[in-house]
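Here the structure is laid out as structure tokens; the discussion comes afterwards.
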Amino acid sequence: MLIEIESLKQLLGRHKKIFSNDPGKAHLVEHDFELISDKPIRSKPYRTSQRQNEILKGEIKCMLDLNIIEIGQSDYASSMILVESTGKEPRPCIDYRLLNANVRTQFFPLPNIEERVERVAAAKYITVIDLAKGYWQIPLSERASRYSAFVTSFGTYIPLRMPFGLVNAPYFFSKLMAQVLENCDTFAVPYLDDIAIYSENWEDHLKHVDEVLKRIGNAQLTIKPSKCRFAQNHTKYLGHIVGGGVRSPAEAKIKAVMEFPTPKTKTQIRAFLGLTGYYAHYVKIFSLIAAPLTQSLKGKIKKEGVNWTQDCNQAFTELKNRLTEIPVLHAPDYNRELIYCTNGCVGFRDQSRSVPTE
């Protein structure tokens, strides 16, 4: 064990320059986009309290210091807002809804989360790394900076790096990561700024980690040290605990399910179904159990109210109970014969999917 730890330390030491809390600057690409109409879009600053202004000013200062934005003027302007949620830190965001409606979409397929989790869960050694403020590591073209300008009650600012909220940002970021990790898919899978490196033995894992870190360094990207987990047998990845051939929901997500209050509006029901639905694979006949909740979303009820029936309450409680049992799924072994079962056909045999036959 001591030898393994020392060899890992030496490997990380060779790549120490890419570990930073500050975002790097990718040299491979710059984000650009076209508009459907050339008519400028301008929004007025939202009214904010003095306390909210101080929070926004702090975020602006941080972005200026990191050279993520600059003070300027543009014929385009979207409003910066402060999103506040109970139990969470206030989060400054830019409201790009009007701009996004006028942007020509550039689709690139986002990775399938289930496929990623399934693959990583089967491994014996797992490293998870997180890029430092991933979007901010991608420079903007001159015209994209102009289009992406935003306003506050105390000034206008021009983004120099790709901001959160642009409609094409997730697709562009996924495309960059696919380019950086090209031909590494047998041992490294990205999902936006999260990268999982997975291996069957220690020697291979060191080689795989070394290769991924080389590529990240060559792309001039940086990794946030506090978000990394190296050479783990089990670790958290995309909301799941994975490793050793099994997977289960992350504890924090289970806690969120347990603490979810009884819904009183359709919006709250949708939020609960979204939270639990992410883990639908862990709950047998999930859609059947959730049917009363899904049914309650149909029809028109004034003021977002819902007809909360006994069946709704039973479904709400049952989904909580099923997930708080900490269900475990085994990663499929594709070297064995598998049985593929669907809702409409149970027992159909297939050589490539689903659960082991023995």
Point to revise | Tensor-based shape of the range 155-273 (alpha-carbon gyration tensor, a/c under 1.5 rounded, otherwise prolate or oblate) | key: oblate
Check your understanding: Out of Ala123, Asn100, Phe154, whose Cα points farthest toward the positive end of the dipole of the range 88-162 (charges: +1 Lys, Arg; -1 Asp, Glu; placed on Cβ)?
Key -> Phe154
Revision key, fill the gap. Checking the range 280-341 for trypsin sites (Lys or Arg not before Pro) in a loop per DSSP with at most 12 other beta-carbon atoms within 10 Å yields Lys284, Lys298, Lys300, Arg336
Review point. Bin by bin, in steps of 10 Å, what percent of the Cα pairs in the chain do you find, going until the bin that has the longest distance?
Key: 5, 19, 25, 27, 19, 6, 0
Exercise for review: Only loop residues by DSSP count here, and only those with at most 14 other Cβ atoms within 10 Å; note down the chymotrypsin sites (Phe, Trp or Tyr not before Pro) in the range 67-112 that meet that.
Suggested key: Phe107
Check your understanding: Mind checking the dipole of the range 250-327: about its Cα centre, +1 per Lys or Arg Cβ, -1 per Asp or Glu Cβ, Debye to the nearest 20?
Key -> 380
Check your understanding: Using Cα pairs under 8 angstrom and six or more residues apart, how large is the relative contact order of the range 250-327, in percent?
Key -> 42
Check your understanding: What list do you get for Met63, Met177, Met162 if you sort them by fewest beta carbons within 10 Å?
Key -> Met63, Met177, Met162
Revision key, fill the gap. With Cα springs under 10 Å, the Gaussian network model of the chain assigns the largest mean-square fluctuation among Gln220, Gln137, Gln52 to Gln52
Revision key, fill the gap. The residues His240, His15, sorted from fewest to most surrounding Cβ atoms within 10 Å, come out as His15, His240
Point to revise | Dipole magnitude of the range 130-197, debye to nearest 20 (Cβ charges: Lys/Arg +1, Asp/Glu -1, about Cα centre) | key: 380
Check your understanding: Projected onto the charge dipole of the chain (+1 at Lys/Arg Cβ, -1 at Asp/Glu Cβ, origin at the Cα centre), which of Pro45, Thr86, Met258 gives the Cα projection farthest towards the positive end?
Key -> Pro45
Study note, to complete from the structure: Residues meeting the amide H criterion for His31 (H placed from the backbone, H to H distance under 5 Å, 5 or more places apart or on another chain) are Leu140, Ser141
Practice item. Calculate one ³J(HN,Hα) per residue across the range 28-36 by plugging θ = phi - 60° into the Karplus curve 6.51 cos²θ - 1.76 cosθ + 1.60, and present them in order as whole Hz with x for glycine and proline. Key: 6, 8, 9, 7, 9, 8, 10, 9, 6
Practice item. May I ask for the Rg/Rh ratio of the range 250-327, computed from Cα atoms with Rh as the Kirkwood radius, given to two decimals? Key: 0.96
Exercise for review: List the trypsin sites (Lys or Arg not before Pro) within the range 60-154 that fall in a DSSP loop (any state other than H, G, I, E or B) and whose Cβ has at most 13 other Cβ atoms within 10 Å.
Suggested key: Lys88, Arg104
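Can you show me the helix-derived [θ] at 222 nm for the chain, built from DSSP H runs with n ≥ 4 at -39,500 (n - 2.57) apiece and divided by the number of residues, rounded to the nearest 500.
-10500 deg cm²/dmol
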Check your understanding: Percent relative contact order of the chain, based on C-alpha pairs within less than 8 angstrom and at least six residues apart?
Key -> 19
Point to revise | Whole-Hz couplings from phi, Karplus 6.51/-1.76/1.60, listed for the range 230-245; x for Gly and Pro | key: 9, 6, 9, 7, 9, 7, 7, 8, 6, x, 10, 9, 10, x, x, x
Study note, to complete from the structure: A student applying the Cα gyration tensor rule (rounded when a/c is under 1.5; otherwise prolate if a/b is larger than b/c, oblate if not) would label the range 68-186 prolate
**Study point:** Dipole magnitude of the chain, debye to nearest 20 (Cβ charges: Lys/Arg +1, Asp/Glu -1, about Cα centre)
**Key:** 1240
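Values quoted throughout were computed directly from the atomic coordinates according to the rules given, and no laboratory measurement underlies them. No experiment lies behind these values; they were computed from the predicted model shown. With ideal geometry, Cβ positions are generated from the backbone for all residues, glycine too; neighbour counts draw on all protein chains shown.
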